[in-house]
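A.B. asks: Once you've had a glance at the structure underneath, I'll fire off some questions.
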Amino acid sequence: MDKQKLIASLNEIVGPDNVLSSEMDLMLYSYDASLDKAKPDVVVLPDSTEEVSKIMALAYKEKIPILGRGSGTNLTGGTVPIKGGIVVHFSRMNRILEIDYANRTATVQPGVITLDLQTEVLKKGFVYQPDPASQKVSTIGGNVSENSGGPHCLKYGVTSNHVQGLEVVLNDGTVINTGGKARDNAGYDITALVVGSEGTVGLVTKAILKLERAPESVKTLLAIFDAIEDGANTVSAIVAEGIIPATLEMMDNTVMRAVEETIKVGYPLDAACVLIIELDGMPEGMDDNASKIVEICRQNHVRDVRLAKDEAERNVLWAGRKGAFGSVGQVRPSYLCCDGTVPRTKLPEVLNQVIEIGKKYNLPIGNVFHAGDGNLHPLIMFDERDEDERSRVLKASTEILKACADAGGTISGEHGVGMEKLKETAFIFNECDLEFERQIKRAFDPDDIINPGKMIPANS
Amino acid sequence: MVDDTEKFKNLSETLGEAHVKTEPKITAQYTVDNVVPRAVVFPKNTDQISEVVKFANRENLAIVTRGSGTKMAMGNPPRKLDLVVCTSRMNHMLDVDTSNLTMTVEAGVKFRDIQARLATQEDRCYLPLGDLEAEGDEIICSDRSHSGCFVPIDPPYADKATIGGIIATNSTGPRRLLYNLPRDCIIGIRVVAPNGDVLGSGGKTVKNVSGYDVSKLMVGSMGTLGILCETTLRMLPLPEKMETLLVSFANFSDASAFAGRIFETSLLPAAVEIMNGEAFGHLSLDDKPDFGSNGYVAAIALEAFEPAVDRMRIEMLNMAKEAGAGANAVFEEEDHRSFWLAMSNLSATLDKKFSGFIKAKLNYPLSMWKNIIASGESIFSEANLDYIVQAHAGNGICFTGLLVDNNDTSATDKAVEAMNQLLAYCQEVDGNLVIQSAPADVKSNLRIWGKIGFDFVVMKRLKDQLDPKGIMSPGRFVEGL
Ligand SMILES: Cc1cc2nc3c(=O)[nH]c(=O)nc-3n(C[C@H](O)[C@H](O)[C@H](O)COP(=O)(O)OP(=O)(O)OC[C@H]3O[C@@H](n4cnc5c(N)ncnc54)[C@H](O)[C@@H]3O)c2cc1C
């Protein structure tokens, strides 16, 4: 379809104010938080499921590539329109449609900012658990599509464990509902398939999310170590002891320094790493568990363990953790975050390998990650304009993911494959695995128009 | 009748003659809703399953997979049935990684053997070890890990079901309140696809977003998308203390008020099970308190740190009193475990007692539970039927069973009519009713899977794409998929 005609048709669906096609606009929608770039032909901002359905039907009829976009904070090129076409930006569909405390659900449009929902329900003493560090900006649609995790996912599970139902616009514009307020719906668990599908099976226009009562009490500890290895050993020792804290996060010296430059948390800058350990739930038994954790830290040569005295101190500790990615920009202009994940017991070993890989390629690597889940996030810092550096970064990242896969882990714990890690899928999947995934994709999108070129490598 | 020996010769060569059975005497024991398979096969590993499925593809044979056979009464009668594939020889625990809190097992491993293997040195186990009789020369948990962990699923038939069957049917129980569902604890699988390919998804990491979540797609798919061969599950450390509170109430209204009070607090019970006196009466349990048979019983599972259990007991017994409770009883540790095992075997017990037993699972938005149960009670008592009600309060799930004799045609007719009425009511409140078991001859009058949502279009597309020949459990799943 000719571009002017396409724009005219879209104008008819959403009104000309909600169709963007200037060079400047297209440029703004050509990138996300990954390193890839490609411009769409047009951007459209729908306001309802009905409009999304019409847009999809148009794309289907004309075989135009189409993808959904929340806040564009994904780290793997999920919103980069490599084949051009239509970008559907969900910023206007940002309403919390219903909070149903009696049924413990919230029904929201995909453009709702994660933290906005969380702040709202907390007023009534409820939580929506998944808390990606990007929660201030990221959208529920993005969280659902990437199956995002976050610090509290150690105990509570990732987004997938908290989505009860979805409204999805299929390739031909058909609107379906999966799951619902009632749990255990008969049939295949389509909700589970859409969550984490990286926007490749349809456009999500509504989500029914599970709410839980906020824990009665919370205890937050900061454990300071003089060697990374001691911190890593502590993490696996805590889990091996059978303790599953709500969070178990690690931050190394490089990242702490960057954070202190911007946020001033009071992290010990001469330490090798810190762990942020949080326990929550009923207060009974919590002190015992905290003592056990302190004891494990001691056995692993901890320098000091501090307990957050109050909510304010706790918030400061978390502000540092949640602002860490942003702060890293202080060190070098760009970073690449590897999302490799390993069985928790392999953490010490793989962290060492990461450090070695950094040395080998002469690149600064900071570590700030969901240690309790075995979910590493080595941040390789560099300057994107330096071609040589950039190519070393890509090599280092591939090597890190290989190390994770070889340790019995995987190439992505929460950021997805996107277009960034297509090649690396070979580390964990064989041709049969991939073919099964292609079949699933074909069931939803036989023409390959929905976020094409993502997640599954093309048939070789 | 055709003699199939020749036809299955090929398979015998692959699996060994002893593991391919075509004798009518044997096949008759493996019927699915009275349909007799032409052969029953017992592969010993994933590669053999792959061979079987490839063979079925070539010969166009329809396959139904079977674990211990506890839930074969689920689903529609098969449209076609040639091969029953039994997973009983696939009973190896491949990896028990207690420091990582994950384990990988073959599909035919029994749930109880998993739990037994994880028991502590002192034999503290999630299931009551003493109640688990060894079957034949089978040893429960040959190779103890002494980890003091458990796999946090609470399925019916906990002492018989295989892990493959539990996952394929998405079996859950009262304690899902605290521990969630099989879908939440499965992190990896190996499956033989309908074309015979062996494929894997997920692995030993607790987080994984590399590709579609095929593991979760398989949960509850009733063997229609492939044969589950191996699975990796998360484990949890055994709770420090386990205790059951049993409280009797004169009627449902008081019992539900009690449950409602619990959910207004931030206490964390593992289960709040509300059942009628009839259900409680049929529990097969030594030393059962006598609560009479007219009222309702609340069974609360407390599984937590000792001081937390103590606090919950005290506060909940107070709440119960305020809600007008009658007698109560407290079961600790092994008695607690025996109690919940008996709960998980309630339908097995009733199945034996009532030849026409019809069991259904109802799901609905949490807040509708009182209306649902009231409506069930009134439909059943109007039809003059004996029934059990067993609600997983706080989960939006309720099981109900009609205690009928299959020879009593008038009662059976009324039972069918009552289930259909209750289904209609569930639908009205955005819920559903799925038949879990019913005599084969009654099934055709029931809507086995109840109401299916708009997402059926996608289910159909997936099934057509992944199993184009329709050889995996044809006809048994929703809308005859
Ligand atoms: C500083 C920083 C910290 C981060 N921390 C975490 C973390 O702790 N945990 C974590 O998991 N991730 C983290 N991320 C990654 C990212 O924030 C998450 O992936 C997030 O869920 C993306 O949300 P978004 O709204 O920005 O989605 P986008 O980036 O806009 O989109 C993500 C994907 O979802 C698809 N999509 C979006 N909306 C829809 C829709 N309505 N229908 C269909 N498809 C849709 C897109 O096509 C794309 O494939 C972090 C990123 C940054 C920059």
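The values are calculated or read from the model by the stated rules, or taken from the named source; none is laboratory data. None of the values given here were measured: they were computed from a predicted structure. A quick note on method: Cβ atoms are made from the backbone with ideal geometry, for glycine too, and the neighbour counts reach across all protein chains shown.
A.B. asks: When the residues of region A:190-227 are filtered to those that are acidic (Asp, Glu) and touching an Asp or Glu at 6+ places or on another chain (Cβ under 9 Å), which remaining residue is nearest to A:Val80 (Cα to Cα)?
C.D. replies: Residue satisfying both the conditions and the ranking: A:Glu198.
A.B. asks: What is the residue count in region A:314-353 for residues that are touching a Lys or Arg at 6+ places or on another chain (Cβ under 7 Å) and away from the ligand (no atom under 16 Å from the Cβ)?
C.D. replies: 1
A.B. asks: So A:Lys454 ticks every box in (1) surrounded by 22 or more Cβ atoms within 10 Å (Cβ to Cβ); (2) at pLDDT below 95 but one. Which box is left unticked?
C.D. replies: Looking at each condition in turn, A:Lys454 falls short on (2).
A.B. asks: Tell me, please, whether a residue that is more than 24 Å from the chain's Cα centre (by Cα) and free of Cβ contacts under 8 Å to residues at least 24 places away in the same chain can be found in region A:232-255.
C.D. replies: yes
A.B. asks: With A:Ala33, A:Ala59 as the choices, which residue is in contact (Cβ under 8 Å) with a residue 12 or more places away in the chain, surrounded by 18 or more Cβ atoms within 10 Å (Cβ to Cβ) and more than 27 Å from A:Leu209 (Cβ to Cβ)?
C.D. replies: That would be A:Ala59, the only listed residue that is in contact (Cβ under 8 Å) with a residue 12 or more places away in the chain, surrounded by 18 or more Cβ atoms within 10 Å (Cβ to Cβ) and more than 27 Å from A:Leu209 (Cβ to Cβ).
A.B. asks: Quick check on B:Glu17: is it within 29 Å of B:Leu94 (Cβ to Cβ) and at pLDDT below 95?
C.D. replies: yes
A.B. asks: Still on this model: Filter region A:102-135 for residues that are more than 9 Å from the ligand (Cβ to nearest atom) and among the polar types (S, T, N, Q); which is farthest from A:Leu67 (Cα to Cα)?
C.D. replies: That would be A:Asn103.
A.B. asks: Something else now. Do you know which of the residues in region A:431-447 that are touching a residue at least 40 places away in the same chain (Cβ under 8 Å) and out of contact with any strand residue (DSSP E or B) (no Cβ under 9 Å at 6 or more places or on another chain) is surrounded by the most Cβ atoms within 10 Å (Cβ to Cβ)?
C.D. replies: A:Ile440
A.B. asks: Given (1) in a loop (DSSP other than H, G, I, E, B); (2) surrounded by fewer than 24 Cβ atoms within 10 Å (Cβ to Cβ), identify the lone condition not met by A:Glu414.
C.D. replies: The number of the failed condition is (2).
A.B. asks: Just to confirm my filter: which strands (runs of 3 or more DSSP E) fall fully inside region B:83-130 and include at least 3 residues that are out of contact with any Pro (no Cβ under 8 Å at 6 or more places or on another chain) and not polar (S, T, N, Q)?
C.D. replies: B:93-97, B:102-106
A.B. asks: Sticking with this structure for a sec: Among the numbered criteria (1) within 12 Å of the ligand (Cβ to nearest atom); (2) buried (at least 22 other Cβ atoms within 10 Å of the Cβ); (3) in contact (Cβ under 8 Å) with a residue 60 or more places away in the chain, which one does A:Phe90 miss?
C.D. replies: It fails just one condition, (3).
A.B. asks: Also, I was wondering about something else. Kindly evaluate B:Leu217 against the criterion of being closer than 27 Å to A:Ser412 by Cα, among the aliphatic types (A, V, I, L, M) and touching a Phe, Trp or Tyr at 6+ places or on another chain (Cβ under 7 Å).
C.D. replies: So B:Leu217 fits the description; yes.
A.B. asks: Residue check: is A:Ser217 surrounded by fewer than 24 Cβ atoms within 10 Å (Cβ to Cβ) and of a type in the set (Ser, Thr, Tyr)?
C.D. replies: Yes.
A.B. asks: So is A:Lys441 in a helix (DSSP H, G or I), outside the structural domain of A:Thr247 (by TED's automatic domain parsing), within 16 Å of the ligand (Cβ to nearest atom) and basic (Lys, Arg) or not?
C.D. replies: Yes.
A.B. asks: If you don't mind, there's one more thing I want to ask. For region A:195-214, name all the residues that are within 15 Å of the ligand (Cβ to nearest atom) and facing chain B (nearest Cβ under 9 Å).
C.D. replies: Once the filter is applied, which keeps residues that are within 15 Å of the ligand (Cβ to nearest atom) and facing chain B (nearest Cβ under 9 Å), region A:195-214 yields A:Val195, A:Gly196, A:Ser197, A:Glu198, A:Thr200, A:Val201, A:Gly202.
Yes/no per residue for (1) at the interface with chain A (Cβ under 9 Å from one of its Cβ atoms); (2) surrounded by fewer than 22 Cβ atoms within 10 Å (Cβ to Cβ); (3) within 20 Å of the chain's Cα centre (by Cα):
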site: B:Val442; (1), (2), (3): no, yes, no
site: B:Gly453; (1), (2), (3): yes, yes, no
site: B:Phe477; (1), (2), (3): yes, no, yes
site: B:Leu481; (1), (2), (3): yes, no, no
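A.B. asks: Just one of A:Asp32, A:Asp47 is away from chain B (no Cβ under 14 Å), more than 12 Å from the ligand (Cβ to nearest atom), more than 30 Å from B:Ala259 (Cβ to Cβ) and of a type in the set (D, E, K, R); which is it?
C.D. replies: Matching residue, one of A:Asp32, A:Asp47: A:Asp47.
A.B. asks: Determine if region A:208-226 includes at least one residue that is closer than 23 Å to A:Val342 by Cβ and free of Cβ contacts under 8 Å to residues at least 12 places away in the same chain.
C.D. replies: No.
A.B. asks: Given the residues A:Ile400, A:Ile428, which is the only one that is touching a residue at least 40 places away in the same chain (Cβ under 8 Å) and not charged (D, E, K, R)?
C.D. replies: Sole residue among the options that is touching a residue at least 40 places away in the same chain (Cβ under 8 Å) and not charged (D, E, K, R): A:Ile400.
A.B. asks: Is there a residue in region A:281-289 that is more than 14 Å from chain B (Cβ to nearest Cβ) and either within 16 Å of the ligand (Cβ to nearest atom) or closer than 30 Å to B:Ser99 by Cα (or both)?
C.D. replies: no
A.B. asks: Another question, then. Name the residues in region B:241-277 that are within 11 Å of another protein chain (Cβ to nearest Cβ) and in contact with an Asp or Glu (Cβ under 6 Å, 6 or more places away or on another chain), would you?
C.D. replies: Once the filter is applied, which keeps residues that are within 11 Å of another protein chain (Cβ to nearest Cβ) and in contact with an Asp or Glu (Cβ under 6 Å, 6 or more places away or on another chain), region B:241-277 yields B:Lys241, B:Ser266.
A.B. asks: Follow-up. Say whether the condition of being part of a helix (DSSP H, G or I) and over 30 Å from B:Leu101 (Cα atoms) is met by at least one residue in region A:227-239.
C.D. replies: Among the residues of region A:227-239, not one is part of a helix (DSSP H, G or I) and over 30 Å from B:Leu101 (Cα atoms), which makes the answer no.
A.B. asks: Do we find a residue being within 21 Å of B:Glu23 (Cβ to Cβ), assigned to a helix (DSSP H, G or I), touching a strand residue (DSSP E or B) at 6+ places or on another chain (Cβ under 9 Å) and in contact (Cβ under 8 Å) with a residue 12 or more places away in the chain anywhere in region B:36-49?
C.D. replies: yes
A.B. asks: Find all pairs meeting these conditions: Cβ atoms under 9 angstrom apart; at least six residues apart or on different chains; first residue within region A:136-164 and more than 29 Å from A:Gly242 (Cα to Cα) and more than 8 Å from the ligand (Cβ to nearest atom); second residue modelled with pLDDT under 95 and assigned to a helix (DSSP H, G or I).
C.D. replies: From region A:136-164, the pairs are A:Lys136/A:Lys322.
A.B. asks: What's the total number of residues in region B:103-116 that are farther than 16 Å from B:Gly165 by Cβ and surrounded by fewer than 24 Cβ atoms within 10 Å (Cβ to Cβ)?
C.D. replies: Qualifying residue count for the region: 2.
Residues checked against (1) away from the ligand (no atom under 14 Å from the Cβ); (2) within 23 Å of A:Glu414 (Cβ to Cβ); (3) in a helix (DSSP H, G or I):
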position	(1), (2), (3)
A:Pro40	no, no, no
A:Ile55	no, no, yes
A:Asn74	no, yes, no
A:Lys83	no, no, no
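A.B. asks: Which condition number in (1) surrounded by fewer than 24 Cβ atoms within 10 Å (Cβ to Cβ); (2) within 14 Å of the ligand (Cβ to nearest atom) is the one that A:Asp172 fails?
C.D. replies: Only one criterion is unmet by A:Asp172, namely (2).
A.B. asks: May I pose another question? Filter region B:388-411 for residues that are within 14 Å of another protein chain (Cβ to nearest Cβ) and within 17 Å of the chain's Cα centre (by Cα); which is farthest from B:Pro269 (Cα to Cα)?
C.D. replies: Taking the candidates together, the pick is B:Phe399.
A.B. asks: Filter region B:82-102 down to residues that are crowded, with 16+ Cβ neighbours inside 10 Å and more than 17 Å from B:Phe42 (Cβ to Cβ) and give me whichever is farthest from the other protein chains (Cβ to nearest Cβ).
C.D. replies: B:Met93
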